[in-house]
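K.L.:
First the structure, which I've put down as structure tokens, then a few questions once you've had a look.
Just so it is clear, none of the values below were taken in a lab; they were calculated from the coordinates. In this text the structure is predicted, and so the values were computed from the model without any measurement. Glycine also receives a Cβ, built like all others from the backbone with ideal geometry; neighbour counts cover every protein chain displayed.
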Amino acid sequence: MKSDSNLEKILKAGHFAFTGELGPPRGANVDHVREKAQPLVGNVDMVNITDNQTAMVRMSSWAAALIAIQEGLEPNYQMVCRDRNRLAMQADILGAYAHGINNILCLSGDHQKFGDHPNAMGVFDIDSMQLVNMVKTMRDEGKFLGGANIDVPPKLFIGAAANPFAEPFEWRVHRLAKKVAAGADFIQTQCVFNMEKMREWVKRAVDMGLTEKTYILAGVTPMKSVGMAKYMASKVPGMDVPDEIIKRLKGAGKGKVADEGIQIACEQIEEFKEMKGVAGVHLMAIEWEHKVPEIAERAKVLPRPKV
């Protein structure tokens, strides 16, 4: 079923998609969301609005998504399984769609023990695979998970996440296949730093015919500092930062590390444009939204197509 998603139109027209990310504030600061939105307008096809990322309390994803719409952005409403049961999830999905949100990203969510409320009860009523399938059932069959009919089904473009780097590597493409079978229209990957592994994962996805059934958007994060690279390499689960990236940042010289981080990101984007099986890039410029116009310019992804 066709959605009203701009991202879906971009991808179906065969354009290379370029999406961004916006983390809601740790409070009710509307101006903060508007400020973060400004550099993204006109430079990305869609923007992910994170849902209590890193298990820290933030403005809700759907609420920040509505502010993003007012600012001229198309939001990708993230929903994690950690915080809600299936009743609350289905209610929020209907509410979000009723307010003009056309994309959803279905995630498990970082475990609450990593956040600022480690004693919170994790709900995990359903997992991310089941969440994808629940949204698809609501959209395509017009039915709730309990079997009752929906009067106006939410026509959402459904996304899921994939980590090509977690162990065992051999199993990663099969997990992707399950998400595609569950109903994922598009996939956003974990931040990519190990290009060799990424090439192999994409090749396997192509060989299995998965890239004909879903759109893969490769995750790109520009490194701001050597410290950030080391932290991601050693402290972030499922992240694969090769030593050569850290060496390259170290060798950039004083005051030039951030620029080198952007340069590495732009080189990756250039390669992804040519890579068979990759339909676009998801740029996660963590708390660096103001750099998105420069990165988009340097990566030669502007102007964005109008569909």
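K.L.:
Show which lysines lie in cross-link reach of K230 when reach means a straight Cα distance below 18 angstrom and same-chain residues fewer than eight apart are skipped.
P.N.:
The reachable lysines, counting only those whose Cα sits under 18 Å from K230, are K247, K250, K254, K256.
K.L.:
Provide the FRET efficiency to the nearest 0.05 for the K213-H99 pair, computing r from the beta carbons and using R0 = 22 Å.
P.N.:
Calculated value: 0.15.
K.L.:
Output the pairs from K155/K306; K36/K143; K155/K224; K143/K276 with a Cα-Cα distance over 31 Å in this structure; if there are none, say none.
P.N.:
Those over the limit are K36/K143; K155/K224; K143/K276.
K.L.:
Just want the answer: with Cβ charges of +1 for Lys and Arg and -1 for Asp and Glu, which residue in A68, H174, V192 is farthest toward the dipole's positive end in the stretch 65-193?
P.N.:
So the residue furthest toward the plus end is H174.
K.L.:
Considering the options G109, V44, L87, tell which one lies farthest towards the positive end of the dipole of the stretch 38-111, charges being +1 on Lys and Arg and -1 on Asp and Glu at the Cβ, about the Cα centre.
P.N.:
Most positive-ward Cα: L87.
K.L.:
Exposure proxy check: I10, I49 ranked by fewest other beta carbons within 10 Å?
P.N.:
I10, I49
K.L.:
Shifting gears a bit: Kindly put Y231, Y97 in sequence by how many other C-beta atoms sit within 10 Å of each C-beta, fewest to most.
P.N.:
Placing the least packed residue first, the sequence is Y231, Y97.
K.L.:
Place +1 on the Cβ of every Lys and Arg and -1 on the Cβ of every Asp and Glu in the chain, take the dipole about the Cα centre, and give the residue among V220, T137, A98 whose Cα lies farthest towards its positive end.
P.N.:
Of the options given, the answer is V220.
K.L.:
Next question, about the same structure. Using unit Cβ charges (K, R positive; D, E negative) and no other charged atoms, how large, in debye to the nearest 20, is the dipole of the stretch 138-243 about its Cα centre?
P.N.:
Details: 15 positive and 12 negative charges, 39 e Å.
The calculated dipole for the stretch 138-243 is roughly 180 debye.
K.L.:
Note down the magnitude of the dipole of the chain about its Cα centre, charges +1 on Lys and Arg C-beta and -1 on Asp and Glu C-beta and zero elsewhere, to the nearest 20 debye.
P.N.:
It comes to approximately 240 debye.
K.L.:
Taking only DSSP H segments of four or more residues, each worth -39500 (n - 2.57), what value at 222 nm results for the chain once the sum is divided by all its residues, to the nearest 500 deg cm²/dmol?
P.N.:
Mean residue ellipticity, 222 nm, calculated: -11500 deg cm²/dmol.
K.L.:
What nm value, rounded to one decimal, do you get for the distance between E244 and K203 when each label is placed 7 Å out toward the C-beta?
P.N.:
That separation, rounded to one decimal, is 1.5 nm.
K.L.:
Can you sort V30, V152 so the residue with the fewest Cβ neighbours within 10 Å comes first?
P.N.:
Result, fewest neighbours first: V152, V30.
K.L.:
What net charge is computed for the residues neighbouring T214, neighbours being all others with C-beta under 11 Å from the C-beta of T214, Lys and Arg scored +1, Asp and Glu -1?
P.N.:
Within the 11 Å Cβ shell, the charges total 0.
K.L.:
Mean Kyte-Doolittle of at least 1.0 and a Cα length of 30 Å or more along the axis: which whole DSSP H helices of the chain meet both?
P.N.:
For the chain, where a helix must reach 30 Å along its axis and average at least 1.0, there are no hits.
K.L.:
Return the percentage of antiparallel bridges among DSSP beta bridges fully within the chain, rounded to the nearest 5 %. Each step should come with its number before you reach the end.
P.N.:
Details: 1 of 31 bridges.
Taking every DSSP beta bridge within the chain, about 5 percent pair in antiparallel fashion.
K.L.:
Let me ask you something else. Computed on alpha carbon atoms, what radius of gyration and Dmax characterise the chain, expressed in Å?
P.N.:
Rg then Dmax for the chain, in Å: 18.6, 62.
K.L.:
For S225 and K300 in the same chain, what is the full-extension length gain: residue separation times 0.36 nm, less their Cα-Cα distance, in nm?
P.N.:
24.6 nm
K.L.:
Classify the stretch 202-306 as rounded, prolate or oblate, taking a ≥ b ≥ c as the square roots of the eigenvalues of its Cα gyration tensor: rounded when a/c is under 1.5, otherwise prolate if a/b is larger than b/c and oblate if not. Intermediate values should be presented prior to the final figure.
P.N.:
Numbers: a/c = 2.21, a/b = 1.40, b/c = 1.58.
Since a/c reaches 1.5 but b/c is at least a/b, the shape of the stretch 202-306 is classed as oblate.
K.L.:
Another question, then. Taking the DSSP beta bridges in the stretch 159-305 as the whole, what percent of them are antiparallel, to the nearest 5?
P.N.:
Expressed as a percentage, antiparallel bridges in the stretch 159-305 total about 0.
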